[in-house]
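The values are calculated or read from the model by the stated rules, or taken from the named source; none is laboratory data. The structure displayed is predicted, hence computed values, not measured ones. Don't worry about glycine lacking a Cβ; one is built from the backbone with ideal geometry, like all the others, and counts go over all protein chains shown.
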2 protein chains.
Amino acid sequence: MKLTAKGRYAVMAMTDLAAQGAGALIPLSDIAARQKISLSFLEQLFRQIRRAGLIESQRGAKGGYRLEQAAADISLDQIILAVDEPIKTHGCTPEARHGCTGSSERCLTHDLWGALESHIGAFMSSVTLADVVAGRVTPSIVLDMEAAE
Amino acid sequence: MKLTAKGRYAVMAMTDLAAQGAGALIPLSDIAARQKISLSFLEQLFRQIRRAGLIESQRGAKGGYRLEQAAADISLDQIILAVDEPIKTHGCTPEARHGCTGSSERCLTHDLWGALESHIGAFMSSVTLADVVAGRVTPSIVLDMEAAE
DNA sequence: TTAAACTTGACTAAAATAGTCGGAATTACT
DNA sequence: AGTAATTCCGACTATTTTAGTCAAGTTTAA
Ligand code: FES
Ligand code: FES
């Protein structure tokens, strides 16, 4: 998935929301103030996140947002995919018969991009909102990795 | 490091160069034709890669480029850093006293971005050109990772 | 009735991307 | 000496993407 400021704001806001407790309705203006994000921008983001089914909303006075699922069941890639395009590391399109060089075969680097993509994806799908809120941000994958070095 | 088409082209071209054999001088026009990359664009990229010390050049007729070091000693991040800006996952600047929310403390997601960055960096620095050319594209880190799941 | 809050789609300024272009310098070959 | 091949260089630009803004709603609690 793409890594932009938009995605970062989405994760920050969702982390804030998760940190406010489970069932309470939190108005966006609170999150905007705490995280110093423009309210209009947050509205745009939360619209997309809601359509992705990660949060539910209550309109009107005393309304707000709350997580649709438990924080431990919401992974980072879900959030980022809700607001940004998926990352595209390959130069070729999967449906096209030919690779990125125009020939019919895959280029030398094709597998590399796939490996990179799955490497990043493994991180993003393994970290949940609950992990971030708890400061338990290094999943076992990374721990193993760093221990091996 | 940033992941753009520019970086992808740089890696493709360097992989091509590495695949042509160790000591030979390869003109850019050959690589451009094989990889279907614009020659002007390649020139721009190779200029930067040379300045980074990864390749050496010979001007004039029968000139070209060759790797400065062994393919096994050139990692992906070196190539990508040569042509693109480093990736920036954090919202805050390291030198600034305050975090991305304006307060003096780090935001809830600060450590997350650091972990993500090191996770991606570990991949990029562990894969070498020799790995890519040999199709040995999955480093032990990824193997370990997938085995652990 | 009013104010707080979400909902929507369209709009935009600025930045980044993905190159192009024109020419200059260097070297091998004849 | 001349020519063709090739690297080297800086500046330029069209397009796309980013990071928002804006105006006008709708819904609900008090
Ligand atoms: S990336 Fe798929 S063929 Fe080059
Ligand atoms: S990313 Fe460093 S303080 Fe938010």
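Quick rundown of the values:
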quantity	calculated
Qualifying residue in the stretch B:58-67 (condition: within 27 Å of B:PHE123 (Cβ to Cβ), within 16 Å of ligand 1 (Cβ to nearest atom) and touching a helix residue (DSSP H, G or I) at 6+ places or on another chain (Cβ under 8 Å))	no
First in the stretch B:1-22 and within 9 Å of chain A (Cβ to nearest Cβ), second anywhere and within 12 Å of DNA strand D (Cβ to nearest atom) and part of a helix (DSSP H, G or I), Cβ under 6 Å, 6 or more apart	B:ASP16/B:ILE31
Test for B:GLU105: is it more than 23 Å from A:LEU129 (Cα to Cα) and either at the interface with chain A (Cβ under 9 Å from one of its Cβ atoms) or at pLDDT below 95 (or both)	no
Test result for B:LEU112, part of a helix (DSSP H, G or I), among the hydrophobic types (A, V, I, L, M, F, W, C) and within 16 Å of ligand 2 (Cβ to nearest atom)	yes
Some residue of the stretch B:26-33 being without any contact (Cβ under 8 Å) to a residue 40 or more places away in the chain, loosely packed, with under 14 Cβ neighbours inside 10 Å and within 11 Å of chain A (Cβ to nearest Cβ)	yes
Residue that is nearest to DNA strand D (Cβ to nearest atom), among those in the stretch A:21-53 that are in contact with a strand residue (DSSP E or B) (Cβ under 6 Å, 6 or more places away or on another chain) and under 27 Å from B:SER104 (Cβ atoms)	A:PRO27
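Yes/no matrix, rows are residues, columns are (1) of a type in the set (A, V, I, L, M); (2) surrounded by fewer than 19 Cβ atoms within 10 Å (Cβ to Cβ); (3) at pLDDT 95 or above:
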site	(1), (2), (3)
B:ALA52	yes, yes, yes
B:ARG59	no, yes, yes
B:GLY64	no, no, yes
B:ALA70	yes, yes, yes
B:ILE79	yes, no, yes
B:LYS88	no, yes, no
B:CYS92	no, yes, no
